[in-house]
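Engineer: Mind having a look at this structure? Questions to follow.
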């Protein structure tokens, strides 16, 4: 009998405690070719994407979560989830194979539920980043950019509060992602500031590859700024010194 890439797993809902089925991908079918500069995995088999199955969606109450969600609920939080999620849930199942649109919907549910539950910023950031990756696969650039912005802000919150401590995310990686995601949404000065923070850790970091990636991105930004400044100045050079001094536009040094 041929083994399929997918299998069913029983999950207990963190909120209503009922059992439901979800689909997962067998690890033997997951092979990564490469990673993008914001760590999106590029899989060998484009038809099998385990990112689509990270979120567990309870078909009974709608509460959506990942393995990283805490099992602890603050006092009164279950009542809040019941009111804002379960009471408004229209029963449906995400337990079978998922399309990219299904995957995006489940991540949005996870972000919504995690925000209400007051999950760590580091967890919400990861969900938002993965949502952006799925939009990237669809070439929906405006939506990708929006969720990259959300992810950047939540990673920044996580760095400020330190809630990434005790997770698989190191300080170096969090700083790098803040910088790289800032670069991707055009917040160049913020990107430079946080790439510099990564580079400053090169003597103590246990992740030298990430430090080197930060150096590469930092240099790319500087090179692009220099090219932009040179391109702006070129027409004036043909006019001579007098033309440069008399141009009515300020010189763009940080384009």
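Engineer: Which one is nearest to residue 66 (Cα to Cα) among residues in region 20-38 that are without any contact (Cβ under 8 Å) to a residue 40 or more places away in the chain and part of a strand (DSSP E or B)?
Structural biologist: Top of the filtered list is 24.
Engineer: As an exercise: evaluate residue 163 against (1) farther than 21 Å from residue 13 by Cβ; (2) touching a helix residue (DSSP H, G or I) at 6+ places or on another chain (Cβ under 7 Å); (3) part of a helix (DSSP H, G or I) and give the number of the one condition it does not meet.
Structural biologist: (3) is the only condition that residue 163 fails.
Engineer: Can you list residue pairs whose Cβ atoms sit under 9 Å apart, with the first residue in region 1-17 being in contact (Cβ under 8 Å) with a residue 60 or more places away in the chain and the second being buried (at least 16 other Cβ atoms within 10 Å of the Cβ) and assigned to a strand (DSSP E or B)? Count only pairs 6 or more apart in sequence or on different chains.
Structural biologist: That search, which allows pairs on different chains as well, returns 6/23; 6/25; 8/22; 8/23; 15/65.
Engineer: Run residue 41 past the list (1) under 23 Å from residue 173 (Cα atoms); (2) free of Cβ contacts under 8 Å to residues at least 12 places away in the same chain; (3) exposed (fewer than 12 other Cβ atoms within 10 Å of the Cβ) and report the number of the one that doesn't hold.
Structural biologist: Failed condition: (3).
Engineer: Hey, another quick one. Does residue 166 fit the bill of being surrounded by fewer than 23 Cβ atoms within 10 Å (Cβ to Cβ) and at pLDDT below 95? Break it down stepwise before answering.
Structural biologist: Values: surrounded by fewer than 23 Cβ atoms within 10 Å (Cβ to Cβ): yes; at pLDDT below 95: yes.
Criteria met by residue 166.
Engineer: Going through region 21-54 one residue at a time, which ones are touching a strand residue (DSSP E or B) at 6+ places or on another chain (Cβ under 8 Å) and over 30 Å from residue 214 (Cβ atoms)?
Structural biologist: Result: 21, 22, 23, 24, 25, 26, 48, 53.
Engineer: Do the conditions hold for residue 66, that is, is it within 18 Å of the chain's Cα centre (by Cα), touching a residue at least 60 places away in the same chain (Cβ under 8 Å) and closer than 21 Å to residue 169 by Cβ? Before you say what the answer is, go through the steps one by one.
Structural biologist: Values: within 18 Å of the chain's Cα centre (by Cα): yes; touching a residue at least 60 places away in the same chain (Cβ under 8 Å): yes; closer than 21 Å to residue 169 by Cβ: yes.
When the stated conditions are applied, residue 66 passes them.
Engineer: Another one. For residues that are over 26 Å from the mean Cα position of the chain (by Cα), on the phi < 0 side of the Ramachandran plot, at pLDDT 95 or above and outside any strand (DSSP E or B), tally how many sit in region 1-19.
Structural biologist: 2
Engineer: Among the residues of region 92-106, is any modelled with pLDDT of 95 or more, in contact with a strand residue (DSSP E or B) (Cβ under 7 Å, 6 or more places away or on another chain) and outside any loop (DSSP other than H, G, I, E, B)?
Structural biologist: yes
The values are calculated or read from the model by the stated rules, or taken from the named source; none is laboratory data. Because the structure is predicted, anything quoted here is derived from the model rather than measured. A quick note on method: Cβ atoms are made from the backbone with ideal geometry, for glycine too, and the neighbour counts reach across all protein chains shown.
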